[in-house]
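First the structure, in the form of structure tokens, and then the observations on it.
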Amino acid sequence: MKPQSFPWPDDGREARESVARVRLRSLKESFEHLCSHPLITFFVWLLIGIALSLPAGFWLVQHNIGVVAQELSTDSGFTVYFYKDLPQEEVETAANSLRRNPIVKDVDVITAQEAWEFLMASDFDEELDALDSNPLPASLTVTATQETDREQILELAKWASEQPAVESVEVDTEWMVQLHQIRQIASRLTWILSALYGIGVVFVSVAAVRYAMDSRFEELRVISLLGASNRSMRRPFVYCGVLYGFGGGVVATCIVVLSLMIIEQPLQGLANRYGGSIQFLAMDYLFSFILIVVGSILGLVGALQVTVVQIRKNRYSNRSR
Amino acid sequence: MSSVALKSVGMDFPGGFELFKNLNARFDDKAINFVVGRSGVGKTTLLQIIAGLLPPSRGKVFVNDINVTGFNRSEMLRYRKYVGVVTQNSSLVLDRSVYENVAMPLRITGMSGQDIRHRVGASLRVVGMSDASNLLPTRLSSGERQRVSIARAIVHRPKLLVADEPTGNFDRELALEVLGLFDLFAERDTVVVVATHDPNLVSHAERVFELENGTIESLSRKQSSMESAE
Ligand SMILES: Nc1ncnc2c1ncn2[C@@H]1O[C@H](COP(=O)(O)OP(=O)(O)OP(=O)(O)O)[C@@H](O)[C@H]1O
Ligand SMILES: [Mg+2]
């Protein structure tokens, strides 16, 4: 070696330093880390992807139940059937007393004659011709107001059924109620799953980033010795966590899309049975975008936590021994 | 004109071990400042305090009459970008190439790739390690690693250069060349502090400080008496 001359002759320009370049460099380092541990990266993405896809799938299911319920929802209420050959006045009286009830939105009177004519208009002509008198009773279709809950409707229906002129009461669309209940359960499950799996994703990110830091322990120790700030030491690992979460979100999107493709046919079959007008919500751009953003944020949270703890522990002490 | 001054610096370690009682010294540029002393006397610790890597328990460190011990974190980080460190055991990252190791102080500051190439190339050339640029440090001898470590310490043109046994693994000829390089920095306003236990290295040195019993003493004026005693 021949240090006869000073190695830094003035080259006429100060080397340009840049904050943006430091960040870009960190991002590059995170990419390099992910690429140099492909198997780990793959499994972390898969793990996060599965964890995210479960609540996402549940959300879609409960959302679609909601769509179905909306689509098929008739106003809730009940039908009152009177005894045969009841005088029309009594029917009107009953209708009026029901109309006075505040939860009742509308009462539709169907006289025996109307019911008969309606039936006659259908295709059963021949069988009906055989009947010599109208076999049908008069009935009331009672529609409750939108806000009324089921308990109140059932109570009113019970009251109606206890009236002497009433033969039977049929409460509408029991299955609609069940659908609503299922949706409620699915919605709560979605929240529980989201919370649990969200925490799971954070832990996966913590473990993966912790591994990344450990695998570069020496380097961290040395750059800390060379004057890197804690923040700049953390940065590539924080980016790593975000990339893990991001990739996990992409994997989750793929999982959900694939699952939807598999169940699409039977689902559409089901939809067709109920009029076919139902458009199930599949994976749209917004939903996958949200999924990816949520994944990235959870990855970020895990990475922030673990990098702060690791560096505060001062494991990369400046002391060079 | 640059300088580093210690004012009543004391250093305790956990467990009540008092390494430094009261250090007062002033290190100037224009010539290398040597710090000598037995093993375990605290040379490495002193250099780390000067470099801002270790806060002293008591007292103050002034750099160009600015109190460095009073710096907050961001000021300290800025200060440390002007410090070059050669550590006792060369502290290279073994799974990064020689080039990457030398580039580290520049990467920290976010220098452009072009500037980095320029600087790292010049730095490696000056320690005679250009050919090893793409090798991993594991392939190098300890003397070669030491040279890479020196290249890394000077690559960002430090205003303060602290070197802990920088010539420990060198033969005399190479050691003198390294000191020649440090002299060039000293002449250009860099304060150079070199810790060594090699008496031969400092026999003709202009400025020598001795650490002993938790104090520091300038030997420069006692130079002749020490030589006659030998
Ligand atoms: N972090 C620490 N905690 C406790 N004691 C420490 C710590 N760092 C250093 N010491 C002690 O301080 C003393 C001085 O250590 P230092 O490394 O500065 O010596 P040195 O003069 O550089 O020795 P050598 O010539 O062998 O390199 C040693 O006795 C060491 O055990
Ligand atoms: Mg030492």
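The values are calculated or read from the model by the stated rules, or taken from the named source; none is laboratory data. Bear in mind that the values here come from a model prediction, so they are computed numbers and not experimental data. Positions of Cβ are generated from backbone atoms using ideal geometry, with glycine treated the same way; all protein chains shown enter the neighbour counts. Calculation scope for accessible area: heavy atoms of the full protein, side chains included, ligands and nucleic acids excluded. Shrake-Rupley method; radii C 1.70, N 1.55, O 1.52, S 1.80 Å.
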Margin query: For a quick check: with amide H placed at 1.01 Å from N, whose amide H comes under 5 Å from residue A:167's, ignoring anything fewer than 5 positions away on the same chain?
Written below: A:81, A:82, A:83
Check: For segment A:143-264, what mean projected area does the convex hull of the alpha carbons give, in nm²?
Finding: 13.2
Check: If R0 is 22 Å, what FRET efficiency do you get for residue A:121 and residue A:141 from their C-beta distance, rounded to 0.05?
Finding: 0.80
Check: Residues with beta-carbon under 13 Å from that of residue A:99, excluding residue A:99: net charge, scoring Lys, Arg +1 and Asp, Glu -1?
Finding: -1
Checklist line | Heavy-atom SASA rank of B:76, B:129 (probe 1.4 Å, accessible area, largest first) | finding: B:76, B:129
Item checked: Percentage, to the nearest whole number, of Cα pairs in segment A:77-171 over 20 Å apart -> 39
Item checked: For residue B:211, solvent-accessible area (1.4 Å; no DNA, RNA or ligand), Å² -> 0
Note to self: Suppose each label sits 7 Å from its Cα in the direction of the beta carbon; what would the residue B:220-residue A:114 distance come out to in nanometres?
What the structure shows: 11.6
Notebook entry, point to check: Taking the Cα-to-Cβ direction at residue B:26 and at residue A:289 and moving 7 Å from each Cα, how far apart do the two end points lie in nm?
Noted result: 6.6
Check: Can you pull the semi-axes for the protein assembly as shown, root of five times each eigenvalue of the Cα gyration tensor, sorted largest first, whole Å?
Finding: 87, 24, 16
Notebook entry, point to check: How much length is gained if the chain between residue A:272 and residue A:90 is pulled fully straight, taking 0.36 nm per residue apart and subtracting their Cα-Cα distance, in nm to one decimal?
Noted result: 61.3 nm
Next item on the list: Please report, in cubic angstrom per residue, the volume enclosed by the convex hull of the alpha-carbon atoms of chain B.
Entry: 132
Notebook entry, point to check: Under 19 Å from a point 7 Å along the Cα-to-Cβ line of residue B:204: which residues of segment B:159-192 have their amide N that close?
Noted result: B:167-168, B:170-187
Check: Can you list, largest first and rounded to whole Å, the semi-axes you get for segment B:36-140 by taking the square root of 5 times each eigenvalue of its Cα gyration tensor?
Finding: 29, 19, 11
Checklist line | Heavy-atom accessible surface that B and A bury in contact, both chains counted, 1.4 Å, Å² to 100 | finding: 3900
Margin query: What does the net charge come to around residue B:215 if you take all other residues with beta carbon closer than 12 Å to its beta carbon, with K and R at +1 and D and E at -1?
Written below: -3
Next item on the list: Grab the Cα-Cα distance for residue A:100 and residue A:264, subtract it from 0.36 nm times how many residues apart they are, and report the gain in nm with one decimal.
Entry: 54.3 nm
Check: For residue B:78 and residue A:184, what does the FRET efficiency come to when R0 = 56 Å and r is the distance between their Cβ atoms, rounded to the nearest 0.05?
Finding: 0.45
Check: Among the listed pairs B:21/B:159; A:313/B:21; B:30/B:81; B:7/B:43; B:43/B:159; A:313/B:159, which are separated by more than 25 Å between their Cα atoms?
Finding: B:21/B:159; A:313/B:21; A:313/B:159
